[in-house]
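The values are calculated or read from the model by the stated rules, or taken from the named source; none is laboratory data. What you see is a predicted model; the values in this text were computed from it and never measured. Ideal geometry is used to build each Cβ from the backbone, glycine not excepted, and the neighbour counts take in all protein chains shown. Ligands, DNA and RNA are stripped out before the accessible areas are found, and what is left, the full protein with its side chains, is counted by its heavy atoms. Shrake-Rupley method; radii C 1.70, N 1.55, O 1.52, S 1.80 Å.
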Amino acid sequence: MEHTQLAKDIASILYDRKAQDILVLNVSGITVLCDIMVIASGRSAQQVKTLSDEVEARLAGQTALPRHIEGYHEGRWIVMDYHSVIVHLFHQEERAFYHLERLWADGSNRVPMPFDGETDNA
């Protein structure tokens, strides 16, 4: 699966599961770690874990398996490595503290999503 489509699929899964502030960034010109980052928040550690579970389960059905998952047990910041796509799932407090957007957004690398511009995904 092409990495941009994979990232869009992940973002759609997160949106369906009520993740907040979903951001998809093309970072291919900024880092060699990955091509795309998907960043999203959950309201609680349990929701962050549920978001991770849902992404993993639904992508497994498409034969997209993560290379590695880190931070699942705490549920405060889960990183899912899908090779060219890295997913960062944060509890709201950790997202505000680490503010990854500040590090990786360059003002022109946001990947547009159909749900962009909608208010809180409650």
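What net charge is computed for the residues neighbouring Arg76, neighbours being all others with C-beta under 9 Å from the C-beta of Arg76, Lys and Arg scored +1, Asp and Glu -1?
Once all neighbours under 9 Å are counted, the net charge is -3.
Ranked highest first by the average count of other Cβ atoms within 10 Å around their residues, in what order do 55-68, 89-102 fall?
89-102, 55-68
If contacts are Cα pairs under 8 angstrom and at least 6 residues apart, what is the relative contact order of the chain in percent?
The value is 29 percent.
Which length gain, in nm to one decimal place, applies between Leu65 and Asp16 when the Cα-Cα distance is subtracted from 0.36 nm times their residue separation?
Going from the current span to full extension adds 15.7 nm.
Counting only protein heavy atoms and using a 1.4 Å probe, what share of the accessible area of the chain belongs to carbon plus sulfur, as a whole percent?
52
Per residue, how much accessible area does the chain have with a 1.4 Å probe, in Å²?
Per residue, the chain has 53 Å² of solvent-accessible surface.
Provide Rg over Rh for the range 52-114; use the alpha carbon set for both Rg and the Kirkwood Rh (inverse mean inverse pair distance).
0.99
What fraction of the DSSP beta bridges in the range 31-122 is antiparallel, stated in percent and rounded to the nearest 5?
If I count the DSSP bridges inside the range 31-122, around 55 percent turn out antiparallel.
About its Cα centre, how strong a charge dipole does the chain have in debye, to the nearest 20, once Lys and Arg get +1 and Asp and Glu get -1 at the Cβ?
About 100 debye.
Averaging over every viewing direction, what projected area does the convex hull of the Cα atoms of the range 1-90 cover, in nm²?
Hull-based average projected area comes out at 5.1 nm².
Mind pulling up the Rg/Rh value for the range 1-49? Radius of gyration and Kirkwood radius, both on Cα.
1.02
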